[in-house]
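None of the figures in this text is laboratory data; all of them are computed from the coordinates on show. Note that this is a predicted model, so its numbers are computed, not measured. Cβ coordinates were reconstructed from backbone atoms using ideal geometry, including for glycine residues, and neighbour counts include every protein chain displayed.
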Amino acid sequence: MYAKPKRTRRKAPIVLLVLLIVVVLLLVAADRVGRSVANQKLADQVAAQAQSKDVKLGVQPTADITGFPFLTQVAAGKYDKILVHMRDLTVQSYAIPKLDITASGVHAKTSDVLNGNGPITADTVSGTATIGWGYVNQAAKEQLNQSEVKDVTLAGRDGTLDVRMTVTVLGQELKLTGTAKPTLSDDGKSLRVSFADLHTTGSQLPPAAKNVLNGVLQQLGLQIKLPSLPYGLKLTHVDPQSDGLKVTASAQDVTLAN
């Protein structure tokens, strides 16, 4: 007489566990769908904001709202971190192949994120961009075309700036190779390059010609204006790499989208 109620009592915890698992799975699915929709909406807003600032985009940017769960961040209106990836940018006629942005402490209303409108701001933004060597070399040649330098080529290699140039010394053209250490100007808007650590290829120079060459190299230098990055990012570091000059930048109190 009492066996059936006992079996029912045993089944109750199992049923509740199954229901709990189903609810959790539904919440996870909803979280993923909501994140995907919000990522696309945010990417669209970033593209619109960039175009309003005369930044041309060759490829639609992508956005990734990190952190889990997503829905609790939406409810709070604050997101720990958002990643934005932009490719093939043109800023003030300067080509920037790659720009990756990390926005921290992002504030946005729920309706603004899901509807794709309204202000989205970030407490801090850090970014890395790649500036192609084509632009850097063109700027270098234009700056040195009135000096003793006939030709110059800059290239990156694992943080090292390789230099090749041809210099006229006492009527003789000398091919030089070596490395240089790039630095940023105090305002973070220009790249400085000095050419003190270069040597000739081939035969040894006579002492007189060597002294003249050293004097020429000490006077030579570059200060190349770098393109301005979106969102008021200020350059803080440069790192020569094979695909271009990698720059690091940061900014505070940034409007990602209006």
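Determine, from the Cβ-Cβ distance of Arg164 and Ala75 and an R0 of 51 Å, the FRET efficiency 1/(1 + (r/R0)^6), rounded to the nearest 0.05. FRET efficiency, Arg164 to Ala75: 0.30. Ordered from longest to shortest, the equivalent ellipsoid semi-axes for the chain are 58, 21, 13 Å, each the square root of 5 times a Cα gyration tensor eigenvalue.
I'd like the distance separating the alpha-carbon centroids of region 225-258 and region 44-77, in whole Å. Region 225-258 and region 44-77 have Cα centres separated by 17 Å.
Going from the fewest other Cβ atoms within 10 Å to the most, the residues Thr166, Thr72, Thr128 appear in the order Thr72, Thr166, Thr128. Based on C-alpha pairs under 8 angstrom that are at least 6 apart in sequence, region 134-229 has a relative contact order of 23 percent. Extension gain for Ser185 to Asp243 (0.36 nm times residue separation, less C-alpha to C-alpha distance): 18.6 nm.
In this simple spin-label approximation, Ser194 and Asn145 carry label points 7 Å from Cα along the Cα→Cβ vector, and these lie 2.8 nm apart.
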